[in-house]
Amino acid sequence: QVQLVESGGGLVQPGGSLRLSCAASGSIFAIYDMGWYRQAPGKQRELVAVIARTGSTNYADSVKGRFTISRDNAQNTVYLQMNGLKPEDTAVYFCNGAVRPIGTISTRNYWGQGTQVTVSS
């Protein structure tokens, strides 16, 4: 079965940096768009950044200029480099991928389990 697994979260002071990674595994024919979402306590899940297979990217205004999304298609992995972290970045970060499994002609969204990012002094 297709699985996405995030790693790299943790506790960091304001102004610090973290690099998140998400590796997809299983019977995968192709992965199209990949993205990072986050959800803080009491708030809705929001899109942080998305990257297409071609490398085209889009970012939420709140993270533009601080975060960078990238991907390695050969490894089915997406990354999120987070610099200049702020307390308001504290959330559980989820990886998402539009995946076409082997043997199918359909594409569906798969989610990782989430990784906690806490920015606090």
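Run through region 32-121 and list the trypsin sites (Lys or Arg not before Pro) located in a DSSP loop whose Cβ has at most 16 other Cβ atoms within 10 Å. Answer by residue number: LYS43, ARG45, ARG53, LYS64, ARG66. Rolling a 1.4 Å probe over the protein heavy atoms gives region 31-72 an accessible area of 58 Å² per residue.
Summarising the label geometry, the points placed 7 Å from Cα in the beta-carbon direction at ARG19 and GLN75 lie 0.9 nm from one another. Applied to region 32-41, the Karplus parametrisation 6.51 cos²θ - 1.76 cosθ + 1.60 on θ = phi - 60° returns per-residue 3J(HN,Hα) values of 9, 5, 10, x, 10, 10, 9, 9, 8, x Hz, with x for Gly and Pro.
Its relative contact order, with pairs defined as Cα atoms under 8 Å and 6+ residues apart, puts region 48-121 at 22 percent. Averaging the Cα positions of each part gives two centres, and for region 60-98 and region 104-121 these lie 10 Å apart. For the chain, the C-alpha radius of gyration sits at 1.04 times the compact-globule guess of 2.2 N^0.38 Å, with N the residue count. With all protein chains in place and a 1.4 Å probe, the accessible surface of region 17-85 carries 45 percent carbon and sulfur.
The values are calculated or read from the model by the stated rules, or taken from the named source; none is laboratory data. These figures come from a predicted structure and were not determined experimentally. Note that each Cβ is placed from the backbone with ideal geometry, even for glycine, and that neighbours are counted across all protein chains shown. Ligands, DNA and RNA are excluded from the accessible area calculation, which covers all protein heavy atoms including side chains. Shrake-Rupley method; radii C 1.70, N 1.55, O 1.52, S 1.80 Å.
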